[in-house]
């Protein structure tokens, strides 16, 4: 079953099934993966945005989770979609599932290459490059040479 675009009822049913059927340790691992995936999707529109004034102005008293306004200065994805980090998590977990939990470097490498060279990623990368809005670099602080080392 592809749950990437599942409705809320389907997600609730899957979570209830996991809670009923998984042993405590497996349930904790499942919760960790689900939490990481949801957290990534929830934060993607505010990802890499460290300007507190801009965040406050855009969000007001609103919750930054699943923010409607994309404030990420480096890339854009649809609201609720994963960042490249979420996509990487999905690929790694999928690879582990397909190899019975064993880390198979060749399988993982092939799965990562397949995901990150897929047509949708190429289109997204092209669009991000065309629409990139970079935040101006912060003023550089005075650089000091590293302290000299002394022999012990």
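The values are calculated or read from the model by the stated rules, or taken from the named source; none is laboratory data. These figures come from a predicted structure and were not determined experimentally. All Cβ positions, glycine included, derive from the backbone under ideal geometry; neighbour counts span all protein chains shown.
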When residues of region 1-59 are limited to those that are modelled with pLDDT of 85 or more and outside any helix (DSSP H, G or I), the one nearest to residue 93 (Cα to Cα): 22
Working only within region 58-75, note down all residues that are surrounded by fewer than 16 Cβ atoms within 10 Å (Cβ to Cβ) and closer than 18 Å to residue 121 by Cα. 74
